[in-house]
Amino acid sequence: MIKNETIMLGHGSGGRQTQELLACHFMPAFSNPILDTMQDSGVINDLAFTTDSFVVTPRFFAGGDIGKLAICGTLNDLSMVGANVIGLTAAFILAEGLPLSELDLIITSMAREAHAIGVDIVAGDTKVVPHDACDGIFITTSAVGRIDANFRPQPRDIKVGDAVIVSGTIGDHGMAVMTARPGMPFSKPITSDVATLAPLVEILRQANIAVHALRDPTRGGLAQSLIELSQAAQVQIELQETVIPVTPEVLAACELLGLDPLYVANEGKLIAIVPESQAAATLTALRAHPLGRDAVQIGTVTSGDSSIELRTKAGGRRSLRMASGELLPRIC
């Protein structure tokens with residue numbers, strides 16, 4: 001059981017404390033064969049279901065806002081199990097005093113993103129609470145999608161020898177939110193990568209890539225997502241630090257704030273684990289789309305205990321561990 005007797009911010013970071021919260025409290029109560037797979041969406045026959053809540057602060061940042069984030073984040077959860085979305089729902093908790101003009105901007109952003117991917121918001125709910133009961137607006141979005149029988153990426157299919165590919169630069173979203181906060185010493189904001197990943201997944205499907213696993217590295221970043229995949233497949237993953245793409249702006253901000261970009265959140269990137277024989281074809285397919293133009297192979301699945309080993313720029317080795325404590329609160 002968790003030693004702390006109250007919830008702390010670290011329990012929502014996506015790191016070790018989040019895993020403990022799930023393992024010690026939620027899973028014993030809710031365990032079932034579908035939930036126990038711990039995928040981004042629950043898969044029942046040919047359908048996938050997912051739900052997510054968004055509490056980001058600030059609500060507006062370079063490249064996006066809480067509304068766009070709510071649509072993209074939920075659709076991406078469906079995409080990571082290979083599902084095509086059928087419909088969305090949205091629930092809002094609104095704080096007394098939230099300007100209606102701001103609400104309209106968020107709603108418009110949600111509608112624009114949903115329409116761009118060709119999906120309707122088919123149901124919803126609204127609650128209003130006293131001004132000090134929530135920070136302006138919290139949004140919960142849920143979605144259902146249909147899965148193609150011939151395209152079902154899942155971590156248990158990961159094999160030794162597979163290539164580990166990331167679709168672009170990492171850490172952009174987490175640092176975009178950080179640099180948008182008051183008091184941060186940055187003269188130029190970093191732009192979030194928040195985007196719907198369905199087009200990239202469709203490209204892989206059309207290219208007949210035998211994708212073994214997909215994951216969008218959100219809370220906990222690239223490192224946490226790969227740790228979860230290695231544990232699910234009981235394999236070791238070896239990464240090459242020199243080829244992991246990070247923009248100079250994100251790298252500089254991380255160095256200033258003492259953060260590791262490997263653990264910083266993304267909202268428009270995917271990890272694809274594919275057979276090594278199809279790595280080149282996967283990169284060609286991803287780079288043909290603007291969202292995947294910086295795609296690169298960053299590592300390989302190897303035999304050994306489930307772990308992530310990083311070959312560093314200095315020529316050494318570093319084991320990536322599950323993060324503990326509060327990383328970047330309220331980034332999604």
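Elements of the type strands (runs of 3 or more DSSP E) sitting completely within region 274-332 and holding at least 1 residues that are among the basic types (Lys, Arg) and more than 30 Å from Asn208 (Cβ to Cβ): these cover 307-311, 317-320.
Selection within region 57-101: residues that are of a type in the set (Asp, Glu) and not in a helix (DSSP H, G or I). The member of this set that is most open to solvent (accessible area, probe 1.4 Å) is Glu96. Here Ala314, Ala323, Ala285 are screened, and the one residue that is open to solvent by less than 30 Å² (accessible area, probe 1.4 Å), modelled with pLDDT under 95, among the small types (Gly, Ala, Ser) and more than 12 Å from Gln240 (Cβ to Cβ) is Ala323. Among the residues making up region 29-56, those that are open to solvent by 40 Å² or more (accessible area, probe 1.4 Å), assigned to a loop (DSSP other than H, G, I, E, B) and in contact (Cβ under 8 Å) with a residue 40 or more places away in the chain are Met38, Gln39, Asp40, Asp46, Val55. Of the residues making up region 135-154, those that are within 21 Å of the chain's Cα centre (by Cα) and free of Cβ contacts under 8 Å to residues at least 40 places away in the same chain number 0. State yes or no: is Ile227 open to solvent by less than 50 Å² (accessible area, probe 1.4 Å), in a loop (DSSP other than H, G, I, E, B) and among the aliphatic types (A, V, I, L, M)? Judged against the criteria, Ile227 is not a match. Within the option set Gly161, Gly145, being of a type outside the set (A, V, I, L, M) and surrounded by fewer than 22 Cβ atoms within 10 Å (Cβ to Cβ) holds for one residue only, Gly161. The residue that is farthest from Thr284 (Cα to Cα), counting only those in region 184-209 that are open to solvent by less than 10 Å² (accessible area, probe 1.4 Å) and part of a helix (DSSP H, G or I), is Val201.
The values are calculated or read from the model by the stated rules, or taken from the named source; none is laboratory data. This is a predicted model, so every value here is computed, not measured. Quick reminder, even Gly has a Cβ in these numbers, built from the backbone with ideal geometry, and neighbours come from all protein chains shown. The protein model used for the area step is the full one, side chains on, heavy atoms only, and it has no ligands, DNA or RNA in it. Shrake-Rupley method; radii C 1.70, N 1.55, O 1.52, S 1.80 Å.
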